[in-house]
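One structure below.
The values are calculated or read from the model by the stated rules, or taken from the named source; none is laboratory data. The structure presented is a predicted model; accordingly, all values stated were derived computationally and were not measured. Neighbour counts are summed over all protein chains in view; Cβ atoms, including those assigned to glycine, are modelled from backbone coordinates with ideal geometry. Just so you know, the surface numbers come from the protein's heavy atoms only, side chains and all, with ligands and any DNA or RNA stripped out. Shrake-Rupley method; radii C 1.70, N 1.55, O 1.52, S 1.80 Å.
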Amino acid sequence: MTSDLSAGARAKRQAGPHMIQMLTPEGDRVSSGEYDVFAAELDTKDLFGFYRDMVLVRRVDAEGNALQRQGQLGLWAPLLGQEAAQIGLGRALRSQDFVFPTYREHGVAWTRGIDPTELLGMFRGQSHGGWDPQANRFHTYTIVIGSQVLHATGYAMGIQMDGDVGTGDVDRDAIAVACFGDGASSQGDVSEGLTFAGAFNAPVLFYCQNNQWAISEPTSVQTPVPLNQRGRGFGVPGIRVDGNDVLATYAVARASADSIRAGNGPLLIEAYTYRMGAHTTADDPSKYRSDAETEAWAAKDPILRLRRFLEKEGITSDEFASVDAEADQLAARIRKTCVDMTPPSPEAMWENVYSEPHALVDEERETYLAYLDSFADAEANA
């Protein structure tokens, strides 16, 4: 009895804080007070662009799942249900901002110009790192839970030391964005990142996608209080936003990023959402959560919510159909590119270790290539 009461108390406390929402699950527009000014910058065309983003990203995710099941990928980390949380954030950032993702930020990667096939190349094992982080200001995926938060905080402190924050120059002021999940928020690396960011007023946005499940553990056993409050003790204010509402996530991320760029210090956003699929393709969520819970969240689907709103704004069925057709074309390109991928040359693994030549790396490369050549020599002399 005591255990049940404690769990119930935890759930009640977690549901406590005010959550910013602009679109209801029925697609109705509601006011969010101070954040309405940022939503007002967007017209119907902009929001239809968000809809297109989410539909295409969801199709990328579906293809990733299918390709893994067909043996074409070693693993895939689904984002089904989290499209609004990621597209809203990504579209709120500026080109000079630097994002440090987990391994599930396929939607944010899309907004930063990373081609989906580059994501698949990593999960297929056909890449020695993925992509050039500097080209799109989007770091490579991080598998070690929470470690990217330290990287983001350190990068933000570098921005601060370079004087690229608080100048008022929209083309210069920049932030770092640390993406992480509810489970990662319990990791020491996240606490250390919050410590340094708070102590040094670093320009970093901590963006926590609370999808309710840290693999098979619910948020209720991660913390007795809402995740957006975890930054308070470190001097990092937090806010909760409806992560299934792309308009709200955009507005809150936009406002928060602007404040941080102005030199007002770090902030934490908790995007309250739900992972509709598995943690990864190696996971079976039916073992630890109920169908009723999943069905309840399906009614809050981020894409359906925005579509309902856009239908009221006059977007036609033909316009929606054009996005579906584009998604089909994207899926076909992804499948073909994935299957046709070839492994990189062995020496390529040394190309991105250091930015400049390094004697030890050169020595290791030559030793390894000589080792490979020895097999060719052996076959020739056989």
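Some points to look at:
- Picking from residues in the stretch 344-382 that are polar (S, T, N, Q) and open to solvent by less than 70 Å² (accessible area, probe 1.4 Å), the one that is farthest from TRP131 (Cα to Cα) is SER374.
- Scanning the stretch 292-318 for residues that are under 17 Å from MET54 (Cα atoms) and either among the β-branched types (Val, Ile, Thr) or in contact with a Lys or Arg (Cβ under 6 Å, 6 or more places away or on another chain) (or both) returns ILE303, ILE315.
- Elements of type helices (runs of 4 or more DSSP H) in the stretch 239-316, at least 2 residues being buried (at least 16 other Cβ atoms within 10 Å of the Cβ) and of a type in the set (Gly, Ala, Ser): 246-261
Each row is one residue, and each column tells you yes or no for (1) open to solvent by less than 40 Å² (accessible area, probe 1.4 Å); (2) in the same structural domain as GLY263 (by TED's automatic domain parsing); (3) out of contact with any Phe, Trp or Tyr (no Cβ under 8 Å at 6 or more places or on another chain); (4) under 24 Å from TYR274 (Cβ atoms).
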{"position": "GLY146", "(1), (2), (3), (4)": "yes, yes, no, yes"}
{"position": "VAL165", "(1), (2), (3), (4)": "yes, yes, yes, no"}
{"position": "ALA176", "(1), (2), (3), (4)": "yes, yes, no, no"}
{"position": "PHE180", "(1), (2), (3), (4)": "yes, yes, no, yes"}
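- Residue within the stretch 192-207 that is part of a loop (DSSP other than H, G, I, E, B), under 21 Å from MET19 (Cβ atoms) and assigned by TED's automatic domain parsing to the domain that holds ALA40 present: no
- Where a residue in the stretch 27-38 is in contact (Cβ under 8 Å) with a residue 40 or more places away in the chain and its partner, wherever it lies, is of a type in the set (Lys, Arg), with Cβ under 7 Å and at least six apart: GLY27/ARG305; GLY27/ARG308; GLY27/LYS312; PHE38/ARG254
- Single residue of ARG137, ARG112 found to be buried (at least 18 other Cβ atoms within 10 Å of the Cβ), without any contact (Cβ under 8 Å) to a residue 40 or more places away in the chain, in the same structural domain as TYR272 (by TED's automatic domain parsing) and touching a strand residue (DSSP E or B) at 6+ places or on another chain (Cβ under 6 Å): ARG112
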